Every structure is written in C-alpha cells, then in structure tokens.
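Q: Pasting a structure below so you can have a look.
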Amino acid sequence: MRSVRPLGYSAAQISLHWLIAALVIFQLLLGDSMTHVVRARIRDRVVSSFDASMGTAHYWVGIAILALVCLRLALRLLVGTPKPAGGPAPLVLLARIAHWTFYVLLVAVPITGLLAYYQLGPFGDIHSLAKPIFIILIGLHAAAALFHQFFLKDGTLLRMLVPAH
Ligand code: HEM
Ligand code: HEM
C-alpha cells in the first residue's frame, strides 16, 4: 500500500472509471431484457430475439463490471487516490460516502444478479432496486462533478480526464 497520496488519478484508474460507468449505464438501459428472460423462463414462454441477446449481454457485462471493479479496488489500494477535491467539510464527507456507496453497489449488484439468475433466494427484487438507487446516485455524482468543475472551478472533472502519472 502507498503511504504518500498521488497528485491525481492514473491513466488506468481513469480508464476504469469511464469504462465501468459506460457498462453500468448499458445495464441500466437494457436490464429490462433480463427481467423478460427470467419471467419467460418461469412461465415457460419464449422471448424475442432482442431480449434473448440483451439478456445474455446483461449477464456477461454484469460479470465484467464485477471483475473490473475488483481490479479498480486493488489499484486503489496499490497506487492510492489524490486528496479529496476541496469544498466545505460536509460536502467532502458526502463525496466520500457517495464514492463508497458506488463501490458497494458495484460489487453487491452483480452478486445479487447472479443469485437472482440462478434462483438462489428472493434476490430478483433486491437486484431490481439497484436501478433507482444507481440512477439517483449517478445524477447526484455527475451534478457534483460539474458543480466542482464549472462553479468552484477547482478542476475536479479534469482529474478524471487527464492522468497525473
Ligand atoms: C452492475 C451490474 C448490474 C446492473 C447495474 C444491473 C441492472 C439491472 C436492471 C436495471 C435490471 C432490470 C430491473 C427491472 O426490470 O426493473 C436487472 C435485472 C436482472 N439482472 Fe441485472 N444488473 C447487473 C448485473 C447483473 C449480473 C452479473 C447478473 C447475473 C446473471 C444479473 C442478472 C439479472 C437478473 C436475473 C435480472 C432479472 C431480475 C428479476 O426481475 O427477477 N444482473 N439488472
Ligand atoms: C455509472 C456511473 C459512474 C460511476 C459508477 C462512478 C463512480 C465513481 C467513483 C467510485 C469515484 C471515486 C474514485 C476514487 O477516488 O476511488 C468517482 C470519481 C469521480 N467521478 Fe464518477 N462515476 C460515474 C459517472 C461519472 C460521471 C457521469 C461523471 C462526470 C460528469 C463522473 C465524474 C467523476 C469525477 C470528476 C470523479 C473524481 C472525484 C474526485 O476526485 O474527488 N463520474 N466516480
């Protein structure tokens, strides 16, 4: 583990941030297909070919997110993160809470998805809750990043675009 904080995020950390963000948005936009696949399986019905392929994509993209977030957490432990963006102390605390909530969701949501897929308990409903929670958190997080960048003008968004090392 690194004891000195780096000046900014590394190229690998930035790439992982945007790749995971894009994959999560894909899951949120097309997750309904997986719900149709699971319901059709229970009722012994056939699904459209679109839902069948998007259901398969949902499975593998979800697993990719789980693998990538493990890599991201390992990297975080190895290279560390820059000191929090400035601003009032309560906002810095809120940002920490939001970032850790993201990490918890990025691990827990794919796991509950797998449990739901293999019908290992009542995880379908819990997994589906991820949709509104993710949407609210992404909205707040993106708004905060834009607020930092364009109102506080402290370059926070740039830290997630331009690697420091
Ligand atoms: C971060 C990753 C993931 C996100 C954001 C996500 C998101 C979603 C969303 C938005 C839905 C639709 C919920 C609805 O119909 O309201 C859904 C359904 C579903 N997803 Fe995922 N998912 C992820 C990973 C996975 C993984 C890895 C699996 C494993 C196979 C999976 C299996 C399922 C199943 C089985 C359903 C249907 C649940 C039900 O209605 O019983 N998901 N997911
Ligand atoms: C699914 C979408 C997203 C997820 C899951 C996500 C997740 C995260 C996480 C976990 C961090 C903390 C990194 C760390 O220090 O370990 C972070 C930082 C950051 N994110 Fe996102 N993010 C998403 C979308 C976005 C969007 C849309 C924007 C911009 C509009 C954005 C801008 C940033 C910025 C600027 C930081 C750095 C904050 C800082 O240095 O304090 N993110 N993101």
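Q: How large is the convex hull of the C-alpha atoms of region 1-72 per residue, in Å³?
A: 92
Q: Another question about this same structure. Let me know the shape class of region 103-157, please: from the alpha-carbon gyration tensor, a ≥ b ≥ c as square roots of the eigenvalues, rounded when a/c is under 1.5, otherwise prolate if a/b is greater than b/c, or oblate.
A: Here region 103-157 falls in the prolate category.
Q: If amide H atoms are built 1.01 Å from N in the plane of the peptide, which residues on other chains or at least 5 residues away come under 5 Å of the amide H of Gly80?
A: Under 5 Å from the amide H of Gly80 lie the amide H atoms of Arg2, each far enough along the sequence or on another chain.
Q: Between Rg and the Kirkwood Rh of the chain, both from Cα atoms, what is the Rg to Rh ratio?
A: 1.04
Q: Suppose R0 equals 25 Å. What FRET efficiency, 1/(1 + (r/R0)^6) with r the Cβ-Cβ distance, do Arg45 and Asp125 give to the nearest 0.05?
A: With R0 = 25 Å, the Cβ-Cβ based efficiency is 0.75.
Q: Quick one: what are the phi-derived ³J(HN,Hα) couplings along region 105-119, Karplus 6.51/-1.76/1.60 with θ = phi - 60°, whole Hz, x for glycine and proline?
A: My calculation for region 105-119 gives 5, 5, 8, 6, 5, x, 5, 5, x, 4, 4, 5, 4, 8, 6 Hz in order.
Q: Treat every Asp and Glu Cβ in the chain as -1 and every Lys and Arg Cβ as +1, leave all other atoms uncharged, and give the resulting dipole magnitude about the Cα centre to the nearest 20 debye.
A: That gives the chain a dipole magnitude of about 400 debye.
Q: Can you compute 3J(HN,Hα) from phi for each residue in region 15-31, using the Karplus curve 6.51 cos²θ - 1.76 cosθ + 1.60 with θ = phi - 60°, rounded to whole Hz and x for Gly and Pro?
A: 4, 5, 4, 6, 5, 5, 4, 5, 5, 5, 5, 4, 4, 5, 6, 10, x
Q: Hey, what do the phi angles of region 134-146 turn into as Karplus ³J(HN,Hα) couplings, whole Hz, using 6.51/-1.76/1.60 and θ = phi - 60°, x for Gly and Pro?
A: 4, 4, 5, 5, 5, x, 5, 5, 5, 4, 5, 4, 5
Q: Then there is this: On a full-extension model of 0.36 nm per residue, what is the gain between Ala67 and Phe151, subtracting their alpha-carbon distance, rounded to one decimal in nm?
A: 26.7 nm
Q: Just to verify a number: FRET efficiency for Tyr103 and Leu158, C-beta to C-beta distance, R0 = 35 Å, to 0.05?
A: Here the calculated transfer efficiency is 0.95.
Q: Could the peptides 35-45, 9-19 be put in order, highest first, of the mean number of other beta-carbon atoms found within 10 Å of their residues?
A: Going from most to least packed, we get 9-19, 35-45.
Readers should treat all values here as calculations from the given coordinates under stated rules, not as data from a laboratory. Remember, predicted model here, so these are calculated numbers, not experimental data. Here the Cβ is made from the backbone with ideal geometry for all residues, glycine too, and neighbour counts use every protein chain on show.
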